Amino acid sequence: MPQALLVLNGPNLNMLGMREPATYGHETLADVEALCHAAAARHAMTLEFRQTNHEGELINWIHQARGRFAGIIINPAAWTHTSVAIRDALTAAELPVIEVHISNVHKREAFRHHSFVSPIALGVICGFGIQGYRMAVEYFGQLQSK
């Protein structure tokens, strides 16, 4: 299995640190990326870190991941609740997936309680701020060492 992870981020996550800091914190997406790279390095893994506001681009990245990565960590953001296409792409990639959300989506508006990704994900991490990404990387790192 490849020793690399793909970390994908959906719409508006490029605005981290500026957008709703009471909900999402003051850390930026660059902070998240640095946290992920540091966690991956502790497990002798590499990762590619990407963000897009375009659903088709995210789907293309998921398609290209098949056979190239040990797993996908994804924060689909608003697409969590709306995109069957992203769910289908993740299924087609045939890779383990961990879904991450910075906020606890279950403490928020009712429409955020449903995820199209969760039923096909290995696990879901939400409500731990950007540390949820580190937790996901650490989990994949532990899988690699087995």
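Under 1.5 on a/c is rounded, so check that first for the stretch 1-112, then, if it is not, pick prolate when a/b is larger than b/c and oblate when it is not; a ≥ b ≥ c are the square roots of the alpha carbon gyration tensor eigenvalues. Note, shape of the stretch 1-112 comes out oblate. Inter-label distance, His81 to Glu94: 3.4 nm, where each label sits 7 Å from its Cα along the C-beta direction. Ordering of 53-61, 65-73 by packing is 65-73, 53-61, highest average first (other Cβ atoms within 10 Å, averaged per residue).
Highest GNM mean-square fluctuation among Gln51, Gln131, Gln64, for the chain modelled with Cα contacts below 10 Å: Gln64. 3J(HN,Hα) along the stretch 67-72: x, 9, 10, 6, x, 10 Hz, from the Karplus curve 6.51 cos²θ - 1.76 cosθ + 1.60 with θ = phi - 60°, whole Hz, x for Gly and Pro.
With the charge dipole of the chain set up from +1 on Lys and Arg Cβ and -1 on Asp and Glu Cβ about the Cα centre, the Cα lying farthest toward the positive end among the listed residues Pro11, Ile74, Ala30 is that of Ile74. Quick one: go through the stretch 78-109 and flag any residue whose amide nitrogen is under 17 Å from the point 7 Å out along the Cα-to-Cβ line of Arg66. Counting only backbone N, you get 85-97. The dipole here belongs to the stretch 17-131: it is taken about the Cα centre, uses +1 on the Cβ of Lys and Arg and -1 on the Cβ of Asp and Glu, and is about 180 debye.
Computed from the coordinates by the stated procedures, all read-outs in this text should not be read as laboratory data. A quick note: this is a predicted structure, and the numbers were derived from the prediction, not measured. Using ideal geometry, Cβ is built from the backbone for each residue, glycine included, and neighbour counts are taken over all protein chains shown.
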